[in-house]
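Quick notes on the structure that follows.
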Amino acid sequence: MYNKSFKMFVLIWVGQFVSVIGTSLTSFALGFWVLTETGSVTQFSMIILSLVLPTVIVSPFAGVIIDRFSRKKLMILSNCVAAFSTLIILLLVLTNSLEIWHIYVTTAFASAFNTFLMPAYQSVISLLVPNKQLGRANGMIQVGESASIIIAPTVAGFLLHSNGLQAVIFVDLLAFTVALTTLIFAKIPELPVKQTTKLNTKQFFADAREGWNYLMRQPAFKWLLIFFAIINLLLGFVNVLLQPLIISLSSEQTLGMVLSVTGFGMLLGGILISAWGGPKNRINGIFLSCGFAGLLIALAGFTTSIVFITACFFLFLFFIPIVNSCSQALWQSKVEPTIQGRVFTIRRMLGVSLYPLAIIIAGPLVDQVFNPMMESNGVLAGSIGQMIGVGEGRGIGLLFIIIGLLFMVVTAAIYLQPKVRNMEKEIPDALVERKHGDGSSAS
């Protein structure tokens, strides 16, 4: 039974892996197009906002739909909408009509439906994969995401140079075709759908609250939500400022090399967790990895050596798949399958809720506060500047040190909460009954 179920997961994973690569190609190409057309980092950052904000807005309601309808059909619908949005961009490119606001609108539209895709995908995994193999399955997903970081810049750059933006989008549409084909042929167990109450407006909001109440009844879940919201806020600063840090110390060519090398760190971490399956104690895996990740961010801020910074972020990204795989496997094993859609969407919403704040304030914070303080005649030049240097990149370096320290402090503070530290023992597995089969039908 497990072999067949895991093979079915692998079939779905292959399709989504190809789709992630295709989407990453288009995202990179469109971001490059915006930067070359406008030269504005602000305009570029608005693409990230158009990705994040729909998730925050739609998530509380998406979970109700995921738990009431076929998760397979919702995954197919989400992929179709994303493909349709990409097709619109292609038509605009072919007619020389593409404008920046088109990218914002289509990105936001696709992102709203992607809010259904990922929680549905994650809950499908818990229906197909045995508890002990959840870490391995989630590690495979991390491999796909990390591979896209490595592949997208190189392949998209080649296609842009040789055949233009339309070539990248054609490849993305082919990737969507692969993903849709695997989903259509996949047999995914479906949970019994609520038929006792009609889904009117009142019931819709009642169902949405049920997901929230489920989380609030468990202090450990609440602490984990707080933890990842803060961690993702700090990661937002790192994601926005890493490229400007590298460019301030070297060149655009060096930046490409650094991103590729560090991306291999994430790929290596994903491969490791896929083969290993992760630590038996997933909570320890999450918090130990986060502690090391924070230390590496702080160390990167102390130096202007590109080699040392690259090594730090290679190791930093190595730990990210371990954190994500352990976390996802933990939620999948502890949350009742019938409510996973609502719980996972709320979790995703809260996880990214502070991310836009980092995108908005990172640039002004560096330009107006940290860079001036770390100039040769700045306020901190005679103190901290004696340790980490002054001038180009040192403002971002100081901010990275602070972010890394905060990373470690928050990690230690949350881990010291007994409810979090002991949650794997205190909260029973919700998926234990699947060891004997659940008789679910396939769609």
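Among the residues of region 286-324, which ones are under 21 Å from Ala229 (Cβ atoms), in contact with a Leu (Cβ under 9 Å, 6 or more places away or on another chain) and not aliphatic (A, V, I, L, M)?
Scanning region 286-324 gives Phe292, Gly294, Phe316, Phe319, Pro321.
Can you name the condition, by its number, that Met118 falls short on among (1) surrounded by fewer than 21 Cβ atoms within 10 Å (Cβ to Cβ); (2) farther than 30 Å from Gly278 by Cα; (3) in contact (Cβ under 8 Å) with a residue 24 or more places away in the chain?
Evaluating Met118 over (1) surrounded by fewer than 21 Cβ atoms within 10 Å (Cβ to Cβ); (2) farther than 30 Å from Gly278 by Cα; (3) in contact (Cβ under 8 Å) with a residue 24 or more places away in the chain leaves (2) as the failure.
Give all pairs with beta carbons closer than 8 Å in which a residue from region 275-301 that is under 22 Å from Glu426 (Cβ atoms) meets a residue that is of a type in the set (Lys, Arg) and assigned to a helix (DSSP H, G or I); count only pairs at least 6 apart in sequence or on separate chains.
From region 275-301, the pairs are Gly278/Arg136; Ile283/Arg421.
Just the residues that are within 20 Å of the chain's Cα centre (by Cα) and farther than 15 Å from Thr106 by Cβ, please, taken from region 29-60.
Scanning region 29-60 gives Phe44, Ser45, Val52, Thr55, Val56, Ile57, Val58, Ser59, Pro60.
If I ask for residues that are over 22 Å from the mean Cα position of the chain (by Cα) and of a type outside the set (A, V, I, L, M), which ones from region 155-178 would you list?
Result: Gly157, Phe158, His161, Ser162, Asn163, Gly164, Gln166, Phe170, Thr177.
If you go through region 332-359, how many residues are farther than 15 Å from Asp67 by Cβ and in contact with a Leu (Cβ under 8 Å, 6 or more places away or on another chain)?
9
Sort out which residues of region 96-143 are β-branched (Val, Ile, Thr) and more than 25 Å from Met266 (Cβ to Cβ), and write them in order of number. Write out each step before concluding.
Taking region 96-143 as the starting set, the residues that turn out to be β-branched (Val, Ile, Thr) are 100, 103, 105-107, 115, 124-125, 129, 141, 143.
Residues satisfying the conditions are Ile100, Ile103, Val105, Thr106.
Quick one: is Gly391 over 30 Å from Ser123 (Cα atoms) and surrounded by 19 or more Cβ atoms within 10 Å (Cβ to Cβ)?
In short, no.
Taking the conditions exactly as written (under 18 Å from Gly389 (Cα atoms), modelled with pLDDT of 95 or more and not hydroxyl-bearing (Ser, Thr, Tyr)), does Ala298 satisfy them or not?
Yes.
Please go through region 408-423 and pick out each residue that is of a type outside the set (A, V, I, L, M) and farther than 11 Å from Lys222 by Cβ. Spell out the reasoning first.
Going through region 408-423, the residues of a type outside the set (A, V, I, L, M) turn out to be 411, 415, 417-419, 421-422.
Once the filter is applied, which keeps residues that are of a type outside the set (A, V, I, L, M) and farther than 11 Å from Lys222 by Cβ, region 408-423 yields Thr411, Tyr415, Pro418, Arg421, Asn422.
I'd like the residue in region 246-285 that is of a type in the set (S, T, N, Q) and not in a helix (DSSP H, G or I) and, out of all such residues, is nearest to the chain's Cα centre (by Cα).
By that ranking, first place goes to Asn281.
Only helices (runs of 4 or more DSSP H) wholly contained in region 1-99 count here; list those with 1 or more residues that are of a type in the set (S, T, N, Q) and in contact with a Pro (Cβ under 9 Å, 6 or more places away or on another chain).
2-38, 41-68
Scan region 287-334 for residues that are over 27 Å from Gln243 (Cβ atoms) and in contact with a Ser or Thr (Cβ under 8 Å, 6 or more places away or on another chain) and jot them down.
Of everything in region 287-334, those that are over 27 Å from Gln243 (Cβ atoms) and in contact with a Ser or Thr (Cβ under 8 Å, 6 or more places away or on another chain) turn out to be Phe287, Cys326, Gln332, Ser333.
Take the residues of region 191-202 that are out of contact with any Phe, Trp or Tyr (no Cβ under 8 Å at 6 or more places or on another chain) and either within 18 Å of Val343 (Cβ to Cβ) or of a type in the set (Phe, Trp, Tyr) (or both): which is modelled with the highest pLDDT? Talk me through it step by step, then tell me what you get.
So in region 191-202, the residues out of contact with any Phe, Trp or Tyr (no Cβ under 8 Å at 6 or more places or on another chain) come out as 191-192, 194-202.
Filter again for either within 18 Å of Val343 (Cβ to Cβ) or of a type in the set (Phe, Trp, Tyr) (or both), leaving 191-192, 194.
Working: Leu191: 66, Pro192: 60, Lys194: 51.
The qualifying residue modelled with the highest pLDDT is Leu191.
Scanning for something hydroxyl-bearing (Ser, Thr, Tyr) and either free of Cβ contacts under 8 Å to residues at least 12 places away in the same chain or within 29 Å of Leu416 (Cβ to Cβ) (or both), does region 333-344 turn up at least one residue?
First pass over region 333-344, keeping only residues hydroxyl-bearing (Ser, Thr, Tyr): 333, 338.
After this cut, where a residue has to be either free of Cβ contacts under 8 Å to residues at least 12 places away in the same chain or within 29 Å of Leu416 (Cβ to Cβ) (or both) as well, the list is 333.
Yes, there is a match, as at least one residue in region 333-344 is hydroxyl-bearing (Ser, Thr, Tyr) and either free of Cβ contacts under 8 Å to residues at least 12 places away in the same chain or within 29 Å of Leu416 (Cβ to Cβ) (or both).
The values are calculated or read from the model by the stated rules, or taken from the named source; none is laboratory data. Since this is a predicted model, take the numbers as computed values, not measurements. Every residue, glycine among them, receives a Cβ derived from its backbone with ideal geometry; neighbour counts consider all protein chains shown.
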